[in-house]
Amino acid sequence: MKIISYKPRVAGPPKPKIKARRIVAPPLRGIDPPAPDPLEDLPDTGSVQENAKAELEAIQTGFMRRLKKERERTIDKFDTEYWCCLIFETREQKEAFLAALKITVAEGDKYVDGYVIARRLNIELPAAKIEWRGRTHRTKRN
Amino acid sequence: MAYTYTYVKRDLSPCNDWIISYPMEETMQRLSEAEYRAKVASGEIVPRRADANVIRGEALIEKIQAESGHKTCLCAFSTGKDALATYLYIRPKFERVVPFYMYGIPGLEFVEESLRYYEKHLTDEPIIRLPHPSLYEMLGRLLWQPPDRVAVLEAADLLELRYTHRFLRELVCEEAGVPDNCYIAMGVRAADSPMRRLSIIMHGPINKTEKTFPPIWDWRKAAVMESINAAGLRLPVDYELWGRTFDGFNADYLIPLRDRFPRDYQRVLDWFPLADTDIFRKERFGRRSPKLDQHGNIAL
């Protein structure tokens, strides 16, 4: 047998055996607002097949509920028709109008909080319930 | 004259901690067949494993019955040809065989139709239908899920359920009312792939941890088809669409499904709404030639 010239490969002391790591999915974060657990309090039907079916149906129902909520949230977020604009013929007329409602300059002479005018005119506005990211924001200023 | 290679260990290390490894040419020797046989007989070297040494057929089934202590087993019934042949082969040899199907999507009509056909013409008891562990795995890992489903799946925490094949076997045993040490007969064959053959030869056909055994591991496709034809059974419609059973949600499976069974395709999209992106990708960039407009550009 022909021996090819070679350098003996010298290995160091044996290394500790590497343990195979189980890859675990990272926890999902930043989903806000969180959804309720769809698999909570599912009744035991007594049959494994029926339980499995009910479990999957519960997940689908959870999808539907969430989708409805997401749509409402999208409408709240992207609806831009929450303002109106009043037009007068002269500056004096506008100032007279603001003065009659006792709206100061600090409260604005171009952009006025709708709640302020409603309070001055004794109008009761319906409560706004908008889910902002991170908190449920209920406005009770009127 | 047949020659066999064998490795001869040489202890040339200067101390226990340090090992000098030599290249293969140096350590490999060629033995004549007579010398090889003599060494095998004397126990100096272990013979190479071969198919002929591995337990099979009746002996395999007897061993399984002795291991479990009764003549009942489960049968993983995917409606594929190997599953059919497995069921046909083991049914007369066991007192009770419990077939079960693992669905990837609940309530697919064409699957349900096949299962009902085999319940009528093949199995002597209803086929147990349970979700495939991979369904929970795919949902838990958010495969093809739009953003609005993420919060729900996060709350459900499907990966935490640890719905594995081992757990599934226990559930099937519970549902069928059979002892929980029943083995699962599977339609795995050595001819499926070289790695599968190697695995069976190296580790034996019986998996004691997962409690599975492949009764027809040594069969070839001709034998499988012969047994199905002898029983007068039809193959499921899956073979018409894909040449194998439905198993996965990529474009190769979904395109024929969409064209043939639109309602079932919709059911797949109910669970994996973004799965059609794979179809889009394949149709635009896959091997099929993309649709071109009048200017020769890829049409959207």
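The values are calculated or read from the model by the stated rules, or taken from the named source; none is laboratory data. Because the structure is predicted, anything quoted here is derived from the model rather than measured. Using ideal geometry, Cβ is built from the backbone for each residue, glycine included, and neighbour counts are taken over all protein chains shown.
Determine which single condition B:PRO23 fails, assuming it passes every other condition in (1) modelled with pLDDT of 75 or more; (2) surrounded by 13 or more Cβ atoms within 10 Å (Cβ to Cβ).
The one condition B:PRO23 does not meet is (1).
Please determine, by comparing only the residues of the range B:120-133 that are within 14 Å of chain A (Cβ to nearest Cβ) and surrounded by fewer than 17 Cβ atoms within 10 Å (Cβ to Cβ), which one is nearest to B:GLY248 (Cα to Cα). Give the derivation first.
Applying the first criterion (within 14 Å of chain A (Cβ to nearest Cβ)) to the range B:120-133 yields B:125-133.
Next, from what is left, pick out any that are surrounded by fewer than 17 Cβ atoms within 10 Å (Cβ to Cβ): B:125-126.
Values: B:GLU125: 27, B:PRO126: 25 Å.
Checking each candidate, the answer is B:PRO126.
Condition check: closer than 16 Å to A:LEU56 by Cα, basic (Lys, Arg) and either in contact with a strand residue (DSSP E or B) (Cβ under 7 Å, 6 or more places away or on another chain) or at pLDDT 90 or above (or both). Does B:ARG166 satisfy that?
Values: closer than 16 Å to A:LEU56 by Cα: no; basic (Lys, Arg): yes; either in contact with a strand residue (DSSP E or B) (Cβ under 7 Å, 6 or more places away or on another chain) or at pLDDT 90 or above (or both): yes.
Considered against the rule, which asks whether it is closer than 16 Å to A:LEU56 by Cα, basic (Lys, Arg) and either in contact with a strand residue (DSSP E or B) (Cβ under 7 Å, 6 or more places away or on another chain) or at pLDDT 90 or above (or both), B:ARG166 comes out as no.
State whether the residues of the range B:106-116 include one that is assigned to a loop (DSSP other than H, G, I, E, B), surrounded by fewer than 15 Cβ atoms within 10 Å (Cβ to Cβ) and touching a residue at least 40 places away in the same chain (Cβ under 8 Å). Outline the logic, then answer.
Filtering the range B:106-116 down to residues assigned to a loop (DSSP other than H, G, I, E, B) leaves B:106-108.
Subsequent filtering for residues that are surrounded by fewer than 15 Cβ atoms within 10 Å (Cβ to Cβ) retains B:107.
Within this subset, residues satisfying the condition of being touching a residue at least 40 places away in the same chain (Cβ under 8 Å) are B:107.
Taking every residue of the range B:106-116 in turn, at least one turns out to be assigned to a loop (DSSP other than H, G, I, E, B), surrounded by fewer than 15 Cβ atoms within 10 Å (Cβ to Cβ) and touching a residue at least 40 places away in the same chain (Cβ under 8 Å).
This table checks each residue for (1) more than 29 Å from B:CYS173 (Cα to Cα); (2) part of a loop (DSSP other than H, G, I, E, B); (3) at pLDDT below 95.
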position	(1), (2), (3)
B:PRO215	no, yes, no
B:GLY232	yes, yes, no
B:GLY243	yes, yes, yes
B:ILE255	yes, no, yes
B:THR277	yes, no, yes
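Mind checking whether some residue in the range B:283-296 is of a type in the set (S, T, N, Q) and either closer than 27 Å to B:SER78 by Cβ or at pLDDT 90 or above (or both)?
Step one: of the range B:283-296, the residues of a type in the set (S, T, N, Q) are B:289, B:294.
Then drop every residue that is not either closer than 27 Å to B:SER78 by Cβ or at pLDDT 90 or above (or both), which leaves none.
Checked the range B:283-296: no residue is of a type in the set (S, T, N, Q) and either closer than 27 Å to B:SER78 by Cβ or at pLDDT 90 or above (or both).
State all residues of the range A:41-54 that are in a helix (DSSP H, G or I) and either facing another protein chain (nearest Cβ under 8 Å) or touching a Phe, Trp or Tyr at 6+ places or on another chain (Cβ under 8 Å) (or both); if no residue qualifies, say none.
Step one: list which residues in the range A:41-54 are in a helix (DSSP H, G or I), which gives A:48-54.
Within the range A:41-54, A:VAL48, A:GLN49, A:ALA52, A:LYS53 meet the criteria.
Could we say that A:GLU89 is on the phi < 0 side of the Ramachandran plot and in a loop (DSSP other than H, G, I, E, B) here? Break it down stepwise before answering.
Working: on the phi < 0 side of the Ramachandran plot: yes; in a loop (DSSP other than H, G, I, E, B): yes.
It is true that A:GLU89 is on the phi < 0 side of the Ramachandran plot and in a loop (DSSP other than H, G, I, E, B).
Out of B:PHE285, B:PHE272, which single residue is away from chain A (no Cβ under 14 Å) and either surrounded by 14 or more Cβ atoms within 10 Å (Cβ to Cβ) or on the phi < 0 side of the Ramachandran plot (or both)?
On inspection, the qualifying residue turns out to be B:PHE285.
Can you tell me how many residues within the range B:38-56 are surrounded by 14 or more Cβ atoms within 10 Å (Cβ to Cβ) and in a helix (DSSP H, G or I)?
Qualifying residue count for the region: 2.
Being in a loop (DSSP other than H, G, I, E, B) and at pLDDT 65 or above is true for just one of A:LYS68, A:LYS7, A:LYS19, A:LYS77. Which residue is that? Spell out how you get there, then give the answer.
Numbers: A:LYS68 fails: in a loop (DSSP other than H, G, I, E, B); A:LYS7 fails: at pLDDT 65 or above; A:LYS77 fails: in a loop (DSSP other than H, G, I, E, B).
Among A:LYS68, A:LYS7, A:LYS19, A:LYS77, only A:LYS19 is in a loop (DSSP other than H, G, I, E, B) and at pLDDT 65 or above.
Taking the range B:143-156 as the region of interest, how many residues are within 21 Å of B:MET102 (Cβ to Cβ) and within 8 Å of chain A (Cβ to nearest Cβ)?
2
Looking only at the range B:242-253, how many residues end up being touching a Gly at 6+ places or on another chain (Cβ under 9 Å) and farther than 12 Å from B:LYS81 by Cα? Break it down stepwise before answering.
The initial filter retains those residues of the range B:242-253 that are touching a Gly at 6+ places or on another chain (Cβ under 9 Å), namely B:244-249, B:251.
When the remaining residues are screened for being farther than 12 Å from B:LYS81 by Cα, the result is B:246-249, B:251.
Selection size over the range B:242-253: 5.
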